[in-house]
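The values are calculated or read from the model by the stated rules, or taken from the named source; none is laboratory data. In this text the structure is predicted, and so the values were computed from the model without any measurement. Calculation scope for accessible area: heavy atoms of the full protein, side chains included, ligands and nucleic acids excluded. Shrake-Rupley method; radii C 1.70, N 1.55, O 1.52, S 1.80 Å.
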Amino acid sequence: PVYWPMFVVAVLAAIIASQAMISATYAIVKQSVALGCFPRMKVVHTSQNHEGQIYIPEVNTLLMLACVGVTLGFKTTLQLGNAY
């Protein structure tokens, strides 16, 4: 009886967490590049109206590779769930 509501809440929580991780990574990389602590990367401004709307292709690729690496590293959903 409570499976589907909990499933929906878990999916929404995962979506929010992934957006927070992406936003934080972009913010940290952008600030590090501005301070000269990180190699220069191509920063694409996706909006003319909002200053913070950026896209960095290299960071996106690194996040994807990290996600695939973690998924392959744990091998089973049980191990991944235990780590969480």
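Heavy-atom surface analysis with a 1.4 Å probe gives the chain a carbon and sulfur content of 69 percent of its accessible area.
Normalising the average separation of contacting C-alpha pairs (under 8 angstrom, six or more residues apart) by the number of residues puts the relative contact order of the chain at 15 percent. Here's how it looks for Ile54: its modeled amide H is under 5 Å from those of Thr46, which are all 5 or more places away or on a different chain. Taking Cα atoms only, the orientation of helix 57-74 departs from the longest principal axis of the chain by about 30 degrees.
For the chain, adding -39500 (n - 2.57) for each run of n ≥ 4 DSSP H residues and dividing by the number of residues yields -23500 deg cm²/dmol at 222 nm.
Accessible area per residue for the chain is 84 Å², calculated with a 1.4 Å probe on protein heavy atoms, without ligands, DNA or RNA. Given (i) 13.7, 42; (ii) 12.6, 38; (iii) 16.7, 54 as candidate values of Rg and Dmax of the Cα atoms in Å, which corresponds to the one derived from the coordinates? Computed from these coordinates, Rg and Dmax of the Cα atoms in Å corresponds to label (iii).
Across all directions, the average flat footprint of the convex hull enclosing the Cα atoms of segment 30-77 is 4.7 nm². Shape class of segment 5-48 from the Cα gyration tensor (axes a ≥ b ≥ c, square roots of the eigenvalues): prolate, since a/c reaches 1.5 or more and a/b is larger than b/c.
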